[in-house]
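The values are calculated or read from the model by the stated rules, or taken from the named source; none is laboratory data. None of these values were measured; they are calculated from a predicted model. Cβ placement follows ideal geometry from the backbone for every residue including glycine, while neighbour counts extend to all protein chains displayed. Protein only, heavy atoms only, side chains kept; ligands, DNA and RNA dropped before computing areas. Shrake-Rupley method; radii C 1.70, N 1.55, O 1.52, S 1.80 Å.
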Amino acid sequence: MGTTGYELKRISSNNIVSPKGFKTAGIHCGIKHKKKDLALLVSEVPASVAGVFTTNAVQAAPLKVTKEVVYNTKKMQAIFVNSGNANACTGKQGIADAYEMQQLAATKLGIDPSLVGIASTGVIGELMKMDPVRKGIEIIEIGQSLENAIDFSQAIMTTDTVMKNTAYSTVIDGKEVQIAGTAKGSGMIEPNMATMLGFITTDANIESEELQKALSEITNKTFNAITVDGDTSTNDTVLVMANGLAGNEPLSPLHPEWENFYNVLKAVCEDLAKSIARDGEGATKLIEVEVEGAISDEEAIKIAKTVVGSPLVKTAVFGCDANWGRIIAAVGYSGATVDPEKITIKIGNALMVEHGEPVPFSEEELIQILKANEVKIYVSLEQGNGHGFAWGCDLTYDYVQINASYRS
């Protein structure tokens, strides 16, 4: 396995329809009071597809429909999304509504229903308002403009404060290959996975099986490495569609430029994951935890997620309190293999603990570090070669206010 030396290049427009052959739309149909709430993403041709879904035992109706497309059809040409209603815990009627949404989109586009994925996000336990959905699918019109892409990104949002978009390109077999993504999510982010939806498009030529392997592996290092509040949603979905229109030779780990594709896909997923963590409900700061020297990469990520998920660590960062005791306590209860006498901790560039011993530090310097929009915590364990990251956000007064009145 090797590379050609091409580096990934960020596409400035961050446009979900940048890859060849994709169109989108987003409108207000009436599920929500005013904001856009219905979205459609379409490929010109049936695309290879990969998906990862929530591990919550309670799974929303749209996941049943979409899993059948991913795992049985193994091709997808369209994704029909609504916000404002999760269609979760809605019984047989919810399943029927999800299948009707699939059929409505298929009829609109003139394609087989088995090529249509469905995703929903919003309030749990309320039946879908199907009349607005039916009217919305009649009037929605897809396009390739930046405005169409923005409409799609806005229509999938719930408590998000910003859109989450990214796009990169690379060169494979002499052909430009683009990968772009958009996501929503700002609360209940404890993936495996979270109240998050992620949609990724690429014009790369790759079979669904290889795409699924890559997405599953990358998800463990990106979407599954973020946390806001420890909750796990009923609707988490990340889907990747690859329509092959870039014209490269079929990609697999045996392809000499496989790493180009893999690294660009990982960059897209990491950007979206960090954007979700940064936009945690009421959040003011992104927290990144890096752990090295664990006995495995899996344990490193486990420790990093424990630290960034600790309410005490999160509130300390919000309050600009350099309380490293909360960090080392989280490392200790993570369940990973640690030796307290070998732990080293830094906040930013400031050394707090070295080989288990506290190090004198400047409160003034730490306050300035903790005031930044992004705060990095570094932990070294000296137990092995395991290395990993996790991302989260601070825990603020606004988080409580937002979630105390979510349904009202």
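The condition (being under 22 Å from the mean Cα position of the chain (by Cα), over 15 Å from residue 120 (Cβ atoms) and modelled with pLDDT under 95) is satisfied by just one residue among 34, 9, 74, 23: 9. Exactly one residue among 51, 91, 84 is farther than 23 Å from residue 201 by Cα and buried (at least 19 other Cβ atoms within 10 Å of the Cβ), and that residue is 84. So, in the range 174-207, of the ones that are open to solvent by 10 Å² or more (accessible area, probe 1.4 Å) and not in a strand (DSSP E or B), which residue ends up modelled with the lowest pLDDT? Filtering the range 174-207 for residues that are open to solvent by 10 Å² or more (accessible area, probe 1.4 Å) and not in a strand (DSSP E or B), the one modelled with the lowest pLDDT comes out as 192.
To keep it simple, each residue is scored yes or no on (1) among the hydroxyl-bearing types (Ser, Thr, Tyr); (2) in contact with a strand residue (DSSP E or B) (Cβ under 9 Å, 6 or more places away or on another chain); (3) at pLDDT below 95.
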| residue | (1), (2), (3) |
| --- | --- |
| 243 | no, yes, no |
| 248 | no, yes, no |
| 272 | no, yes, yes |
| 278 | no, yes, yes |
| 289 | no, yes, no |
| 309 | no, yes, yes |
| 329 | no, no, no |
| 335 | no, no, yes |
| 345 | no, yes, no |
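Okay, residues lined up against (1) at pLDDT 95 or above; (2) among the hydrophobic types (A, V, I, L, M, F, W, C); (3) in a helix (DSSP H, G or I):
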{"position": "224", "(1), (2), (3)": "no, no, yes"}
{"position": "228", "(1), (2), (3)": "no, yes, no"}
{"position": "233", "(1), (2), (3)": "no, no, no"}
{"position": "238", "(1), (2), (3)": "no, yes, no"}
{"position": "255", "(1), (2), (3)": "yes, no, no"}
{"position": "261", "(1), (2), (3)": "yes, yes, yes"}
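Against the numbered list (1) touching a Gly at 6+ places or on another chain (Cβ under 9 Å); (2) among the charged types (D, E, K, R); (3) modelled with pLDDT of 95 or more, residue 354 comes up short only at (1).
Of all residue pairs spaced 6 or more apart or on separate chains, those with beta-carbon atoms under 7 Å, a first member in the range 314-337 that is within 23 Å of residue 279 (Cβ to Cβ) and among the small types (Gly, Ala, Ser) and a second member that is in a loop (DSSP other than H, G, I, E, B) and open to solvent by 30 Å² or more (accessible area, probe 1.4 Å) are 316/323.
The listed residues are 254, 265, and the only one of them that is crowded, with 24+ Cβ neighbours inside 10 Å and among the aliphatic types (A, V, I, L, M) turns out to be 265. Of note, residue 249 does not satisfy the criterion of being free of Cβ contacts under 8 Å to residues at least 24 places away in the same chain, open to solvent by 10 Å² or more (accessible area, probe 1.4 Å) and either more than 23 Å from residue 62 (Cα to Cα) or in a helix (DSSP H, G or I) (or both).
Scoring residue 41 on the criteria (1) touching a helix residue (DSSP H, G or I) at 6+ places or on another chain (Cβ under 7 Å); (2) buried (at least 23 other Cβ atoms within 10 Å of the Cβ); (3) over 16 Å from residue 237 (Cβ atoms) leaves a single failure, condition (3). Of all residues in the range 129-169, which are within 18 Å of residue 107 (Cα to Cα), open to solvent by less than 20 Å² (accessible area, probe 1.4 Å), in contact with a helix residue (DSSP H, G or I) (Cβ under 8 Å, 6 or more places away or on another chain) and in contact (Cβ under 8 Å) with a residue 60 or more places away in the chain? Listed by number, the residues that qualify are 133, 137, 140.
Residue 354 fulfils the conditions (1) closer than 21 Å to residue 395 by Cβ; (2) in contact with a strand residue (DSSP E or B) (Cβ under 6 Å, 6 or more places away or on another chain); (3) surrounded by fewer than 16 Cβ atoms within 10 Å (Cβ to Cβ) except for a single criterion, (1).
Determine if the range 340-348 includes at least one residue that is open to solvent by 40 Å² or more (accessible area, probe 1.4 Å), out of contact with any helix residue (DSSP H, G or I) (no Cβ under 6 Å at 6 or more places or on another chain) and under 20 Å from residue 391 (Cα atoms). The answer is yes; a qualifying residue exists. Residue pairs whose Cβ atoms lie under 7 Å apart, sitting 6 or more positions apart in sequence or on different chains, and linking a residue in the range 52-63 that is at pLDDT 80 or above to a partner that is in a helix (DSSP H, G or I) and not aliphatic (A, V, I, L, M), are 52/216; 52/219; 53/67; 61/94; 61/97.
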